[in-house]
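This report refers to the structure that appears directly beneath it.
The values are calculated or read from the model by the stated rules, or taken from the named source; none is laboratory data. Model, not experiment: these values are computed from the prediction. A quick note on method: Cβ atoms are made from the backbone with ideal geometry, for glycine too, and the neighbour counts reach across all protein chains shown.
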Amino acid sequence: MSDYGYASAVQQFSDGEWEDVLTRWVKQAEPLALSLWLLSGVRCIEHTASAQLLDEMQRWYAEPDEKLRWQIFYHAEVLGFDTPAGALALSLFWSQGSMSPEGLEPVYPEPHLSGEMRRCVLLMLATRNTDNPADGTRRLLAQWAQEKA
């Protein structure tokens, strides 16, 4: 099922299913497309402290570079991985390359971790400014479907 078809199909779900919907969304969506979409969404809500980090991520997606990947990691660490921008940056960092600094034996993250962080970003966005996270999830899915149409 295409990303758009998935979003259209699941907009009608019970309130108790919203977290499962986010999990399925991350599994169904093409990782790069979802990451870029999240980047644009986070850019709309984050404060100026994260602007440089978001710009760096945009540059990395356009032209991946190992030094820039590490710069993104360090900036996200300062901002906090518990913010939407920081969590998205950690997803990017884990998506490619070793977690060990240059000169040390490479240690690669588990393959599912990058997707888990994208799910965390979706969770933060779905619960932002709403009393009902299911409504936030529906809103996000509608935005995703509209952009994919």
**Prompt:** Which one of these is part of a loop (DSSP other than H, G, I, E, B), closer than 27 Å to Trp18 by Cα and of a type outside the set (Gly, Ala, Ser): Pro106, Pro111?
**Reply:** Pro111
**Residues (surrounded by fewer than 17 Cβ atoms within 10 Å (Cβ to Cβ), part of a helix (DSSP H, G or I) and polar (S, T, N, Q)) located in the stretch 129-145** = Gln143
**Asked** Would you call Ala62 closer than 15 Å to Leu39 by Cα and without any contact (Cβ under 8 Å) to a residue 24 or more places away in the chain?
**Response** yes
**Message:** Among the numbered criteria (1) free of Cβ contacts under 8 Å to residues at least 12 places away in the same chain; (2) of a type in the set (Lys, Arg); (3) within 19 Å of Val26 (Cα to Cα), which one does Arg118 miss?
**Reply:** (1)
**Message:** Taking the condition of being of a type in the set (D, E, K, R) and under 10 Å from Leu22 (Cβ atoms), how many residues in the stretch 114-139 meet it?
**Reply:** 2
**Message:** Just to be sure I understand, how many residues within the stretch 84-103 are without any contact (Cβ under 8 Å) to a residue 12 or more places away in the chain and either in a helix (DSSP H, G or I) or under 19 Å from Ala29 (Cβ atoms) (or both)?
**Reply:** 0
**Request:** Residues being under 12 Å from Arg118 (Cβ atoms) and either of a type outside the set (S, T, N, Q) or surrounded by fewer than 17 Cβ atoms within 10 Å (Cβ to Cβ) (or both): count how many of those fall in the stretch 29-64.
**Result:** 12
**Single condition Ala87 does not satisfy, out of (1) at pLDDT 95 or above; (2) surrounded by fewer than 19 Cβ atoms within 10 Å (Cβ to Cβ)** = (2)
**Request:** Please indicate, with yes or no, whether at least one residue in the stretch 62-75 is out of contact with any strand residue (DSSP E or B) (no Cβ under 7 Å at 6 or more places or on another chain), at pLDDT 95 or above and within 25 Å of Gln143 (Cα to Cα).
**Result:** yes
**Message:** Out of the residues in the stretch 42-76 meeting the condition of being among the hydroxyl-bearing types (Ser, Thr, Tyr) and within 17 Å of the chain's Cα centre (by Cα), tell me which one is farthest from Phe93 (Cα to Cα).
**Reply:** Ser50
